[in-house]
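Let me begin by presenting the structure, written as C-alpha cells, before commenting on it.
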Amino acid sequence: MRTRRVNDVASLLEPGAAGWDAAGFEPVAMMPAPLAMQPTEYIRVKWEGREYGSDPGLKVASVHDGKRWVLCARWSGVSPSGIDFPDAIAVALPVRNDPPLILMGMDGAPIQYLRWQSNKPALRSIVATGIGHSENGPKMAAMSVKAHTNGEQWDVVMSRSLGGEGEVAPLLAGQKTKIGFAVWRGANEERGGIKAFSIDWIELALDA
Amino acid sequence: MSKRQVAMVMDLNKCIGCQTCTVACKTLWTRREGMEHMLWNTVNTQPGTGTPHHFEQMGGGFKDGKAQPGIRPTVEDFGKAWEFNHEEVFNGGKNDISLAADGGKYGKGPNWDEDQGDGQFPNSHYFYMPRICNHCTHPACLEACPRKAISKREEDGIVLIDEDRCKGYRFCQEACPYKKIYYNEQEGVSQKCIFCFPRIDEGVTTACSRQCPGRVRFVGYLDDPEGPIWKLVHKWKVALPLHSEYGTEPNVFYVPPLSPPKIDDEGNPTEEPRIPTEYLEYLFGDRVKEALETVRIEREKSKRGEESELMDLLIARKWLDMFGPFQNHPRDAARMRPIPANRQGFKNPLGGNDPFSSDEDMAALNGGAMGDSKPAGVSPIKFFTKDQYKNGGRS
Ligand code: SF4
Ligand code: SF4
C-alpha cells in the first residue's frame with residue numbers, strides 16, 4: 001500500500017473531495033476476528049454460530065504533504081440510527097518492536113490505533129499492548145476526522161501529523177511501515193473483538 | 001476468590017413494599033446524568049415479571065459451569081419513572097381531572113404489576129421481593145468483560161465496575177442472569193449497585209439496609225459466626241439464594257415468606273400455605289420447605305414464651321445488631337473517622353500525614369468550606385451535614 005505525496009492535503013480533508021478519485025484506492029482483504037481469539041468464554045458462547053465480521057469491501061487511499069497524513073476509507077454497511085452500538089473503523093500502526101496485529105500488540109510492542117465511530121465526532125488515538133489492554137493514546141497535532149454516508153457506504157477521511165515519538169506510531173516521508181484495519185457493524189451488535197479485521201499487516205510505503 | 005465476603009439477608013416476611021430502600025439508594029448514588037432510569041435497588045411484587053420485566057427469561061449465568069448467552073434489557077424493560085400531573089390536579093382549578101401517569105400514555109413502570117400477585121379469592125396472594133446486585137462469588141458479569149473492567153474486591157468480595165476501563169460493550173449486561181446492570185447512555189458505561197462500598201469502608205452499613213423501616217435487611221460477613229449473616233445462612237439455614245441454578249453463587253439471601261393456610265372450596269383452612277411452595281421453590285430452590293419449617297417451629301417456641309435465637313434475630317429488636325460489624329453512624333464516621341471494625345489492623349499508608357488522622361484536623365476541615373481544599377490522597381466521598389445536604393452539598 002502506498003501513501004502518495006501531494007502538494008497540500010488541505011483540499012482532501014473532506015470525504016468526497018474530487019482529488020480522492022485519483023488517489024488510487026486499494027482493496028483490503030478482511031475476515032472475522034476468530035472466535036478462538038475472543039478473550040472471554042461468554043463472548044465465544046454468545047457468538048458461536050452467529051455471523052459477524054463479514055467482509056465490508058473496504059477500500060483505502062492515503063496521501064501526505066510532508067506534514068500531514070490523510071487516509072480515506074470506504075466500505076459498505078451503514079447501520080440505522082438509534083441502535084445500541086455504532087459503526088466504526090480503526091486503523092492500526094505499529095509503534096515499535098514489530099507487534100503482532102492479531103494479538104493487538106504485546107508488552108513492549110505497542111500498536112497505535114486511530115478510531116472513528118459513527119456516534120462520536122472526534123478521532124480517537126488508542127495504544128494497545130494486547131487484547132483487552134488498550135488505553136488512551138497520545139494526542140497528535142492535526143488529528144481530524146470527517147465522515148459521510150449515502151445510506152449504504154461509509155466514506156471516512158482521517159488525518160494526523162507525520163512523525164513519531166514516544167507512543168506515536170512513526171509515519172515518515174520516504175519510509176516504510178505497516179498498516180492494519182478493523183471494521184465494526186453496529187447493527188449486528190459488533191463491538192470489542194467482534195469485528196472484521198485485515199488478517200495481517202500490510203506494508204505501507206510513504207512517498208519521499 | 002476474595003478473602004472474605006460481605007453479604008445481605010432479606011427477610012421477606014417483613015418487607016412492606018414501601019420502596020424506602022429504592023429511594024435511599026437512588027438519592028445517594030444515582031443522581032448523575034444518564035442515571036435517571038437506574039434503580040440499583042428494586043422491590044417487586046411476586047409472583048410477577050420483576051425488574052427488568054421478564055428478567056428470568058433473559059439468559060446469562062452458567063449451566064454446568066459453562067457461560068450461557070443472554071440478552072440486554074432495554075430501558076423500557078427496566079421500566080421508566082412516570083411523570084404525574086400533580087400540578088394540574090392540585091392547582092389546576094378543575095374538578096374533573098384525575099391523577100394520570102405520563103398523560104395516560106404510560107409504558108411500564110419498574111414494578112408495573114404492583115400488587116397484582118396471583119391466585120383466586122380467597123386464595124389470592126402476593127409478597128414483595130427487593131433485589132440488588134448479588135455481588136456473586138462467581139460473577140458472570142466479571143467473567144464476560146473483555147476489558148477486565150469489573151473486579152471483585154479482595155477484602156470483602158464487593159463487585160465493582162471500573163468506569164475508566166469500561167467501554168460500554170455491555171457484555172456484562174447480557175451475562176448477568178439477574179439483570180442488575182444498567183447502562184448509562186450519557187457516559188457510555190455500565191453501572192450497578194456498589195454495595196455502598198465507601199460506607200462499608202467506614203464501618204457503616206448500606207443505605208438500603210439502614211433506611212429500611214421494616215428491618216428487613218441484615219448485613220455482615222458470610223463467615224462471621226458472631227454476625228447475623230452466618231447465623232441465618234449457615235447456622236439456622238433459613239436464608240436462601242435466589243435462583244441458585246443461575247450458577248453465579250449470589251451473596252444476597254432471602255428468608256422465604258410464610259403465609260396463612262389455603263382455603264378450600266367449603267371455606268375451610270387446609271394444610272397447604274396460600275403462597276404455593278412450588279413457586280417459592282422456583283425462586284429459592286429445594287430447601288424452601290426446611291427453611292419455612294424452621295421459622296415456623298421457632299415462631300411457635302417464641303409464642304410459648306420460650307427463648308429463640310432465630311426469632312430474636314428475625315424480629316431485630318436490637319436494630320444495630322442487624323448490621324454485623326457495620327454499625328457506625330454515617331455522620332459519626334465522617335466526623336470522627338474511627339477505625340472501623342472491618343479495617344482494624346489496617347495501616348494508614350499516609351501515616352501521620354493523613355489530614356483526617358486527628359480530630360482537630362477533622363474539626364478544622366468541617367469548619368471550612370466543604371471540599372474546597374481537599375488534600376491529595378484523601379477519599380473524595382463527602383458526608384454532608386443536613387443543612388449542607390439540603391443546600392445541594394454547599395455550606
Ligand atoms: S448479580 Fe449480576 S452484576 Fe451482580 S455480581 Fe452477580 S453477575 Fe455481576
Ligand atoms: S447496597 Fe448501596 S448501592 Fe447497593 S442497592 Fe443498597 S443502597 Fe444501593
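Peptide B:166-178 has a mean of 3 when you count, residue by residue, the C-beta atoms of other protein chains within 10 Å of its C-beta. Any idea how far the Cα center of the range A:83-118 sits from the one of the range A:128-207, in Å? Each part's Cα centre sits 6 Å from the other's. Classified by the C-alpha gyration tensor, chain A has an oblate form. Its axis ratio a/c, with a ≥ b ≥ c, is 1.5 or above, and a/b does not exceed b/c.
If a spin label sat at a point 7 angstrom from the Cα of B:Lys66 along the line to its beta carbon, no backbone N atom of the range B:172-209 would be nearer than 12 Å. Other residues with beta-carbon under 14 Å from the beta-carbon of A:Pro56 carry, at +1 per Lys or Arg and -1 per Asp or Glu, a net charge of -2.
Counting Lys and Arg as +1 and Asp and Glu as -1 over every other residue whose Cβ lies under 9 Å from the Cβ of B:Tyr183, the net charge comes to 0. Per-residue ellipticity at 222 nm, computed for the protein assembly as shown from helices alone with -39500 (n - 2.57) per DSSP H run of at least four residues, works out to -4000 deg cm²/dmol. Partner shielding of B:139-146 amounts to 4, given as the average count of beta-carbon atoms from other chains within 10 Å of each residue beta-carbon.
If Lys and Arg each add +1 and Asp and Glu each add -1, what is the summed charge of the other residues whose beta carbon sits under 13 Å from the beta carbon of A:Val95? Cβ neighbours under 13 Å give a net charge of -3. Expressed in units of 2.2 N^0.38 Å, where N is the residue count, the Cα radius of gyration of the protein assembly as shown is 1.16.
Pairs of Cα atoms nearer than 8 Å and 6+ residues apart set the relative contact order; for chain A it is 27 percent.
Note on A:Thr149 and B:Asp264: with the Förster distance fixed at 60 Å, the Cβ-Cβ geometry gives a FRET efficiency of about 0.30.
Peptide A:33-44 shows a mean partner chain C-beta count of 4 within 10 Å per residue C-beta.
The Cα atoms of the range A:114-168 give a gyration tensor whose axes a ≥ b ≥ c have a/c of 1.5 or more with a/b no greater than b/c, which makes the shape oblate.
Taken together, the values in this text are just the output of simple stated rules run on the coordinates, not laboratory data. All of these numbers come straight from a predicted model, not from anything done at the bench. Please note: Cβ atoms are built from the backbone with ideal geometry, for glycine as well, and neighbour counts cover all protein chains shown.
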